[in-house]
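The values are calculated or read from the model by the stated rules, or taken from the named source; none is laboratory data. Bear in mind the structure is a predicted one, so any value in this text is a computation, not a measurement. Glycine gets a Cβ as well: all are built from the backbone with ideal geometry, and neighbour counts include every protein chain shown. Heavy atoms of the whole protein, side chains included, go into the accessibility calculation; ligands, DNA and RNA do not. Shrake-Rupley method; radii C 1.70, N 1.55, O 1.52, S 1.80 Å.
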Amino acid sequence: MDNQILPILVTIQDSILGINNRLNKMDGRFDKIDERFDKIDKRFEQMDKQFEQVDKRFEQMDERFEQM
């Protein structure tokens, strides 16, 4: 009986190791995706600041036109 169980356990262990390796690779990919999203978020924050500056300049221009 013991001789029959050992190969099954080895097969299960190999399967678990394979799944573990795949999960580790997926984790690495998700880390890269997270990094890219962080960069995109930072870029959007920069763009928001730039748009705020542009809005302020337009407001200033509007005020100048009104004064004219």
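Tabulated values for the structure
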{"quantity": "Yes/no for residue 68 being without any contact (Cβ under 8 Å) to a residue 12 or more places away in the chain and either in contact with a helix residue (DSSP H, G or I) (Cβ under 9 Å, 6 or more places away or on another chain) or surrounded by 10 or more Cβ atoms within 10 Å (Cβ to Cβ) (or both)", "calculated": "no"}
{"quantity": "Flag if residue 14 is assigned to a helix (DSSP H, G or I), at pLDDT below 95, out of contact with any Lys or Arg (no Cβ under 6 Å at 6 or more places or on another chain) and open to solvent by less than 100 Å² (accessible area, probe 1.4 Å)", "calculated": "no"}
